[in-house]
Amino acid sequence: MHNIFLRRPAFTLWIVVLITLCISVTLSIAVYYINYWPTDSENPYLPAAAKLFNLQHISDIHRLPLVGILKVNMHGKEALIVGIAVMQKILNDTSSLYPNVLLLIMAVAVSSIAVFVIARRLLGNAIGFITFLFFVTCFWPYQYVIFGAHQPLALMNFLLAVICLPFFLKSPFAAIASGGFLGLMLFSSPTAPIYGPYFLAFWAYYEYKNKNSFSLSRLILHVILLLAGLLFVLLIFTLPDP
């Protein structure tokens, strides 16, 4: 078994995908008929998502007739609301929390595979698989899922931004994509800025790993491309008043 994990990384990846799919499908079926306890997703996220495709701009959700804390509560979660709106459209369901929960189940599934990919790059195939098992069997991601909370979406976008980092040297689109995922992360959850130091740490690690080909001009180019991707997402979510 040890040799399989060390010598057949493609096989391990397929096992990771299979385990993730089994857990995600089982959970999706199990929670379909749950009578969810009222959460802050019920109001205002679901009504805002239901109206999203009738608005001219995404930022118009902040102009919906909400009062007090409900209006404040919408900021920093625009990507979540867009995701819920898409799932509502696919499932033709604008009244229940299930589209929201299904979106977060998918986010945790992507995060699970991303955790394996990142850990495998850093620590090897076998340790990557063990790290994946720790994450995919943890209770806390699924607790957020059941609450319809925003944190899993921010985590997914953070991990996708990190996955792009090793490809900065090979393609400028990797830096742009990484910036785009960072932008989505910032609009997924108000807690997203806590991932900033971790992203910088990963970036510093990969720059150090490629120190033989390091140059200041290359680093500046990567920063510009990353900021371009981030700015593009920022404009999408803040137009017409960035």
Matching entry among 20, 26 (being modelled with pLDDT of 85 or more and over 19 Å from the mean Cα position of the chain (by Cα)): 26
For the stretch 85-99, the count of residues that are surrounded by fewer than 22 Cβ atoms within 10 Å (Cβ to Cβ) and either in a helix (DSSP H, G or I) or at positive phi (or both) equals 7
May I ask you to list pairs of residues, at least six apart or on different chains, whose Cβ atoms are under 8 Å apart, with the first in the stretch 80-93 being among the small types (Gly, Ala, Ser) and the second being at pLDDT 95 or above and open to solvent by 30 Å² or more (accessible area, probe 1.4 Å)? none
If you go through the stretch 201-209 one residue at a time, do you hit one that is under 19 Å from residue 59 (Cβ atoms) and open to solvent by less than 50 Å² (accessible area, probe 1.4 Å)? no
Condition broken by residue 54, with the remaining ones in (1) closer than 22 Å to residue 142 by Cα; (2) at pLDDT 85 or above; (3) more than 22 Å from the chain's Cα centre (by Cα); (4) of a type in the set (S, T, N, Q) satisfied: (1)
Options 122, 169, 133, 165; residue that is in a loop (DSSP other than H, G, I, E, B) and out of contact with any Pro (no Cβ under 7 Å at 6 or more places or on another chain): 169
Among the residues of the stretch 183-205, how many are part of a helix (DSSP H, G or I) and under 21 Å from the mean Cα position of the chain (by Cα)? 16
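Residues are listed down the side, and each one gets a yes or a no for (1) of a type in the set (Asp, Glu); (2) at pLDDT below 90; (3) surrounded by fewer than 14 Cβ atoms within 10 Å (Cβ to Cβ):
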site: 146; (1), (2), (3): no, yes, no
site: 160; (1), (2), (3): no, no, no
site: 170; (1), (2), (3): no, yes, yes
site: 177; (1), (2), (3): no, no, no
site: 198; (1), (2), (3): no, no, yes
site: 215; (1), (2), (3): no, yes, yes
site: 226; (1), (2), (3): no, no, no
site: 229; (1), (2), (3): no, no, no
Residue among 157, 125 that alone is within 20 Å of residue 226 (Cα to Cα) and touching a residue at least 60 places away in the same chain (Cβ under 8 Å): 157
So in the stretch 100-137, with the set limited to residues that are hydroxyl-bearing (Ser, Thr, Tyr) and open to solvent by less than 30 Å² (accessible area, probe 1.4 Å), which one is farthest from residue 26 (Cα to Cα)? 111
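The values are calculated or read from the model by the stated rules, or taken from the named source; none is laboratory data. From a predicted model like this one, the values you see are computed outputs, not experimental measurements. Note that each Cβ is placed from the backbone with ideal geometry, even for glycine, and that neighbours are counted across all protein chains shown. What goes into the accessible areas is simple: the full protein's heavy atoms, side chains included, and nothing from ligands, DNA or RNA. Shrake-Rupley method; radii C 1.70, N 1.55, O 1.52, S 1.80 Å.
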